[in-house]
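The values are calculated or read from the model by the stated rules, or taken from the named source; none is laboratory data. If you're wondering where the values come from, they're calculated on a predicted model, not measured in any experiment. Backbone-built Cβ (ideal geometry, glycine too); neighbour counts: all protein chains shown. SASA here: full protein model, heavy atoms, side chains in, ligands and nucleic acids out. Shrake-Rupley method; radii C 1.70, N 1.55, O 1.52, S 1.80 Å.
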Amino acid sequence: MEENEVPGGWAQRVLVVMAHPDDAEFSSGGTLAKWAKEGKEIEYVLFTRGDKGTSDPEMTSERLAQIRELEQRAAAAVLGVKDVHFLGWPDGGVEDGWEGRGQVVRHLRRFKPDIVVTMDPQRRYRQHRDHRNAGTMALDASFPYARDHLFYPEHKAEGLETHHVGEVFVAGAEEPDVFIDIRDTIDLKIDALRCHKSQVGDGPREAFIERVRNMGARMMGKLPEGCEPGTTEVFRRVDYRRR
């Protein structure tokens, strides 16, 4: 990134590719709200509807999926996200392969984002398998699959042309190089996260803010001077514009 360049400042469209409902809000909700306020058009692509994430013994997968889809759409609206697309994979069953990668490529060619935001597939040890596979497919789809016309040529019959993604922001990266201050949008991030009541409950707001801050301290490691856990979101930036 050039000195004094605002992260993502050049872009107009952002596609967020994640595994589950709430992944985007936890990892990058403040940044997405900031970009939406700047007028960027943002859409989500989620591999699953989160149909396994519950400790309620009376809950069914189908009912949970319906609840979490509604929660996700409400949370996205809080942040200013234009639309949410669910790819239909079972929670815990996201597989890195031709089919899933092609689904992401189709959305890249349809929406033509400047930036893709996804998960770090290389986080060590404590890592959900769906996150690892979703991040891998998003990165592979962004380069080179969406760009080269001989990959998924059937898309052309659907009226979809190839697309060259400019940048990928890998959210919650283990080795970040972009640190975004979200103090001006932290309230929106918190409001969006609290839409996911099936996952975070409905306790006092202040207690939840402290929970987010503590989670940031655990996940982000040592931050540069002036950056605070809970009001900083971290990314690894992959720049394809200068290839």
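Anything in segment 29-76 that is closer than 17 Å to LEU87 by Cα and of a type in the set (Ser, Thr, Tyr)? List them, or say none.
Hits for segment 29-76 are TYR44, THR48, SER61.
If you take the residues in segment 66-85 that are assigned to a helix (DSSP H, G or I), open to solvent by 40 Å² or more (accessible area, probe 1.4 Å) and not aliphatic (A, V, I, L, M), which one is farthest from ILE190 (Cα to Cα)?
GLN66
Being in a strand (DSSP E or B) and farther than 22 Å from ARG73 by Cβ is the filter here, so list the residues in segment 157-181 that pass it.
Across segment 157-181, the qualifying residues are GLU167, VAL168, PHE169, VAL170, VAL178, PHE179, ILE180, ASP181.
Check GLY102, GLY166 and return the single one that is in contact (Cβ under 8 Å) with a residue 60 or more places away in the chain, surrounded by fewer than 21 Cβ atoms within 10 Å (Cβ to Cβ) and of a type in the set (Gly, Ala, Ser).
The match here is GLY166.
Within segment 58-65, is there a residue that is touching a residue at least 40 places away in the same chain (Cβ under 8 Å) and not basic (Lys, Arg)?
Looking through segment 58-65, at least one residue is touching a residue at least 40 places away in the same chain (Cβ under 8 Å) and not basic (Lys, Arg).
Any idea which of (1) on the phi < 0 side of the Ramachandran plot; (2) open to solvent by 50 Å² or more (accessible area, probe 1.4 Å); (3) not aromatic (Phe, Trp, Tyr) is the one GLY88 doesn't satisfy?
(1)
Please tell me if ASP56 is of a type outside the set (A, V, I, L, M, F, W, C) and crowded, with 20+ Cβ neighbours inside 10 Å.
Working: of a type outside the set (A, V, I, L, M, F, W, C): yes; crowded, with 20+ Cβ neighbours inside 10 Å: no.
In short, no.
What number of residues within segment 1-55 satisfy the criterion of being among the hydrophobic types (A, V, I, L, M, F, W, C) and under 17 Å from ASP187 (Cα atoms)?
The number of residues fulfilling the criteria is 6.
Which numbered condition in (1) basic (Lys, Arg); (2) under 24 Å from GLY88 (Cα atoms); (3) open to solvent by less than 40 Å² (accessible area, probe 1.4 Å) is the only one that LYS40 fails?
(2)
Among the numbered criteria (1) at pLDDT 95 or above; (2) outside any helix (DSSP H, G or I); (3) open to solvent by 60 Å² or more (accessible area, probe 1.4 Å); (4) within 23 Å of VAL238 (Cβ to Cβ), which one does ASP184 miss?
The single condition ASP184 does not satisfy is (4).
Looking at this structure, is PHE235 of a type outside the set (Val, Ile, Thr) and either surrounded by fewer than 21 Cβ atoms within 10 Å (Cβ to Cβ) or part of a loop (DSSP other than H, G, I, E, B) (or both)?
no
For the structure I just gave you, tell me whether HIS131 is under 13 Å from the mean Cα position of the chain (by Cα) and open to solvent by less than 50 Å² (accessible area, probe 1.4 Å). Give the derivation first.
On the way: under 13 Å from the mean Cα position of the chain (by Cα): yes; open to solvent by less than 50 Å² (accessible area, probe 1.4 Å): yes.
Yes: the conditions hold for HIS131.
Select from segment 2-31 the residues that are at pLDDT 95 or above, in a loop (DSSP other than H, G, I, E, B) and open to solvent by 40 Å² or more (accessible area, probe 1.4 Å) and list them in ascending order.
GLN12
Answer yes or no: is there a residue in segment 169-180 that is modelled with pLDDT of 95 or more, of a type in the set (A, V, I, L, M, F, W, C) and over 23 Å from ALA11 (Cβ atoms).
no
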